[in-house]
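A.B. asks: The following block contains the structure, expressed as structure tokens.
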Amino acid sequence: MTGKKLGIDVQWTNTKWSEYYYLGNNIYDAAVLWRPNSYVSGSYMCLSFQFRKHLSLGRGGAILLDNKEDRDALIKLGYDGRHRNCSWMEQDINSIGYHYYMTPETAQLGLDKLPNAISTPAKVWTWEDYPNVYRRLKNSV
């Protein structure tokens, strides 16, 4: 769905992966990754805090990156195309936006759960944890 929203032509492949996988254009799906010092420099690593993930918040996620300009653009994108430090009345919205805002309550829940998540060994997810997806891919590729 994200690829479709971004106008990316998605090509399914039967790729064996562990912890994260490369989507192209320096984008990694790292939704199940939980390991210290695992950020790939110069990339966009998409994390998930969905209920089955190691830091389980029920919903939400984050994008790790090391470029301030891109960070600012993504923040604006997640705030309905608005600048977050400007009131609605002062906004001159000039770009597309989505409602991907993490509420302060969910962020606080993440901060509260973080020490336990850090001290607990994480499951290492691989392509083998999704047998139905790969069975379908095998039959369609």
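The values are calculated or read from the model by the stated rules, or taken from the named source; none is laboratory data. These numbers come from a predicted model, not from an experiment. Ideal geometry is used to build each Cβ from the backbone, glycine not excepted, and the neighbour counts take in all protein chains shown.
A.B. asks: Scan region 34-54 residue by residue and report those that are within 13 Å of the chain's Cα centre (by Cα) and either closer than 22 Å to Ile75 by Cβ or free of Cβ contacts under 8 Å to residues at least 24 places away in the same chain (or both).
C.D. replies: Scanning region 34-54 gives Tyr39, Ser43, Tyr44, Met45, Cys46, Leu47, Ser48, Phe49, Gln50, Lys53.
A.B. asks: Is one or more of the residues making up region 81-95 aliphatic (A, V, I, L, M) and either under 13 Å from the mean Cα position of the chain (by Cα) or surrounded by 10 or more Cβ atoms within 10 Å (Cβ to Cβ) (or both)?
C.D. replies: Within region 81-95 (the criterion being aliphatic (A, V, I, L, M) and either under 13 Å from the mean Cα position of the chain (by Cα) or surrounded by 10 or more Cβ atoms within 10 Å (Cβ to Cβ) (or both)), the answer is yes, since at least one residue qualifies.
A.B. asks: Please tell me if Arg82 is in contact with a Lys or Arg (Cβ under 7 Å, 6 or more places away or on another chain), among the basic types (Lys, Arg), assigned to a loop (DSSP other than H, G, I, E, B) and free of Cβ contacts under 8 Å to residues at least 40 places away in the same chain.
C.D. replies: In short, yes.
A.B. asks: Restricting attention to region 94-141, and to residues there that are of a type in the set (Ser, Thr, Tyr) and in a loop (DSSP other than H, G, I, E, B), which single residue is modelled with the highest pLDDT?
C.D. replies: Checked region 94-141; the qualifying residue modelled with the highest pLDDT is Thr120.
A.B. asks: What is the residue count in region 1-29 for residues that are closer than 18 Å to Gly61 by Cβ and of a type in the set (Ser, Thr, Tyr)?
C.D. replies: Residues in region 1-29 being closer than 18 Å to Gly61 by Cβ and of a type in the set (Ser, Thr, Tyr): 5 in total.
A.B. asks: Still on this structure, please answer the following. Only one of (1) surrounded by fewer than 12 Cβ atoms within 10 Å (Cβ to Cβ); (2) within 26 Å of Gly7 (Cβ to Cβ); (3) of a type in the set (D, E, K, R) is not met by Asp112, so which one is it?
C.D. replies: The single condition Asp112 does not satisfy is (2).
A.B. asks: In the set Gly58, Gly81, which member is at pLDDT below 95, touching a strand residue (DSSP E or B) at 6+ places or on another chain (Cβ under 8 Å) and of a type in the set (Gly, Ala, Ser)?
C.D. replies: Gly58
A.B. asks: Follow-up. Select, from Tyr100, Tyr130, the only residue that is closer than 24 Å to Asn26 by Cα, in contact with a helix residue (DSSP H, G or I) (Cβ under 8 Å, 6 or more places away or on another chain) and loosely packed, with under 15 Cβ neighbours inside 10 Å.
C.D. replies: On inspection, the qualifying residue turns out to be Tyr100.
A.B. asks: Under 6 Å by Cβ, and 6 or more places apart or on different chains, what pairs join a residue from region 1-22 that is small (Gly, Ala, Ser) with one that is at pLDDT 80 or above?
C.D. replies: Ser18/Thr126
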